[in-house]
Amino acid sequence: MPMHVAVAVSGRGSNLDALLRTLGPDAPARVVLVVSDRRDAPALHQAAARAIPSIVFRDPSDPQEWLEALERHAVGLLVLAGYLRLVPSGVIARYRDRIINIHPALLPAFGGRGMYGRRVHEAVLASGASESGATVHLVDEVYDRGAILGQARVPVLPGDDPERLAARVLEAEHRLLPAAVLAAAAAGRPVPIHESVESRQ
Ligand code: GRF
């Protein structure tokens with residue numbers, strides 16, 4: 001039986017889309033549920049278009065809402081793909097080491113509270129770093145702190161602005177996240193990704 005995956009989203013949903021495109025009918029993982037803190041998250045359209053059940057939490061800080069949904073769908077892996085709030089600690093405790101997040105920088109640098117979206121790429125550019133990338137990591141009670149499972153690197157190029165860098169990192173995210181989910185499905189739990197998921201640019 002495929003690993004049942006729930007994906008938590010707050011916004012656009014391009015990582016959700018990349019994951020759904022990768023997971024064909026015979027894949028070892030299947031997205032069975034999409035959850036959101038925002039009724040207007042465009043990502044919810046991805047779920048609707050593919051007839052995947054979705055839930056918008058009345059109170060995203062209430063662990064019971066999460067746990068009921070995750071248990072009802074027998075979820076084995078929770079993927080945060082552009083989910084912008086902290087997951088309630090009661091959920092993390094119950095699903096410890098079964099929750100992963102995708103972050104648009106090379107953690108442990110450029111992570112933590114408030115480091116999301118454009119701000120991440122602005123900070124990378126301001127630092128003068130010569131590379132950036134995407135990180136998949138385990139989720140614990142603190143933003144962006146859990147064990148790193150895999151990274152995909154991209155160069156910072158002359159003339160980059162936050163939008164150009166973000167677009168390059170996003171391509172890397174779209175390769176890294178499905179690879180992490182497939183590796184987790186094969187192992188039965190999230191595991192470090194050993195194969196190279198380097199930028200092909
Ligand atoms: C991505 O950059 C992801 O790393 C971050 O939020 C963004 C979500 O993009 N956590 P999308 O909603 O998947 O398009």
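Hand me the list of helices (runs of 4 or more DSSP H) wholly inside segment 1-83 holding 2 or more residues that are within 16 Å of the ligand (Cβ to nearest atom) and under 23 Å from A134 (Cβ atoms). Can you show your working first?
Numbers: elements: 14-22, 43-49, 63-72.
Helices (runs of 4 or more DSSP H) meeting the threshold: 14-22, 43-49.
Please determine whether any residue of segment 164-171 is assigned to a loop (DSSP other than H, G, I, E, B) and either at positive phi or under 19 Å from the mean Cα position of the chain (by Cα) (or both). It would help to see each step written out before you state the result.
Applying the first criterion (assigned to a loop (DSSP other than H, G, I, E, B)) to segment 164-171 yields none.
No, segment 164-171 has no match at all.
Residues in segment 124-149 that are within 13 Å of the ligand (Cβ to nearest atom) and either on the phi > 0 side of the Ramachandran plot or not small (G, A, S) (or both): V124, G133, T135, V136, H137, V139, Y143, D144.
Scanning segment 111-163 for residues that are modelled with pLDDT of 95 or more, within 30 Å of V91 (Cα to Cα) and among the β-branched types (V, I, T) yields V120, T135, V136, V139, I148.
Residues are listed down the side, and each one gets a yes or a no for (1) in contact with a strand residue (DSSP E or B) (Cβ under 6 Å, 6 or more places away or on another chain); (2) free of Cβ contacts under 8 Å to residues at least 40 places away in the same chain:
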site	(1), (2)
E122	no, no
D144	yes, no
A184	yes, no
A187	no, yes
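Residues in segment 102-123: is at least one outside any loop (DSSP other than H, G, I, E, B), touching a His at 6+ places or on another chain (Cβ under 9 Å) and more than 11 Å from the ligand (Cβ to nearest atom)? No, that holds for no residue.
The values are calculated or read from the model by the stated rules, or taken from the named source; none is laboratory data. Keep in mind it's a predicted model, so treat the numbers as computed, not measured. Neighbour counts are summed over all protein chains in view; Cβ atoms, including those assigned to glycine, are modelled from backbone coordinates with ideal geometry.
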